[in-house]
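Accompanying notes for the structure given below.
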Amino acid sequence: MSANCELLPLGAGPMEPEAPLPPTWRGRPICTDFWEKPVPSTAYDWSAVLDGYEGGDPIGYGSSEQAAIEDLKAQLDEHEETA
């Protein structure tokens, strides 16, 4: 999985000063990736991981970048509660 870890604000170009900060969880950057699958559903087109992802770490999925980030955050919060 190639992830977008350039830490640009969501939906922003490289030099847009008024754009919101990049997404984070507990201060750790979240990296996103878009890969359109050859199936009718878009539910898994976007993925989100924490920067420094290693196999087995949670991965958020969604039909939009924001949905994937929210899915990842929910998984991380749930994992933190059970740890």
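The values are calculated or read from the model by the stated rules, or taken from the named source; none is laboratory data. Values in this document were obtained by computation on a predicted structure and should not be read as measured data. Note that each Cβ is placed from the backbone with ideal geometry, even for glycine, and that neighbours are counted across all protein chains shown.
Here residue 58 passes the criteria (1) in contact with a strand residue (DSSP E or B) (Cβ under 7 Å, 6 or more places away or on another chain); (2) of a type outside the set (Phe, Trp, Tyr); (3) at pLDDT 95 or above except the one numbered (1). Applying a threshold of 7 Å to beta carbon distances and a minimum spacing of six or more residues, or different chains, the list of pairs starting in the range 40-68 at a residue that is in contact (Cβ under 8 Å) with a residue 40 or more places away in the chain and ending at one that is assigned to a loop (DSSP other than H, G, I, E, B) reads 47/1; 47/59; 49/3; 49/57; 49/59; 51/5; 53/3; 65/10.
Consider the range 15-74 and keep the residues that are part of a strand (DSSP E or B), out of contact with any Leu (no Cβ under 9 Å at 6 or more places or on another chain) and of a type in the set (A, V, I, L, M, F, W, C). The one that is surrounded by the most Cβ atoms within 10 Å (Cβ to Cβ) is 46.
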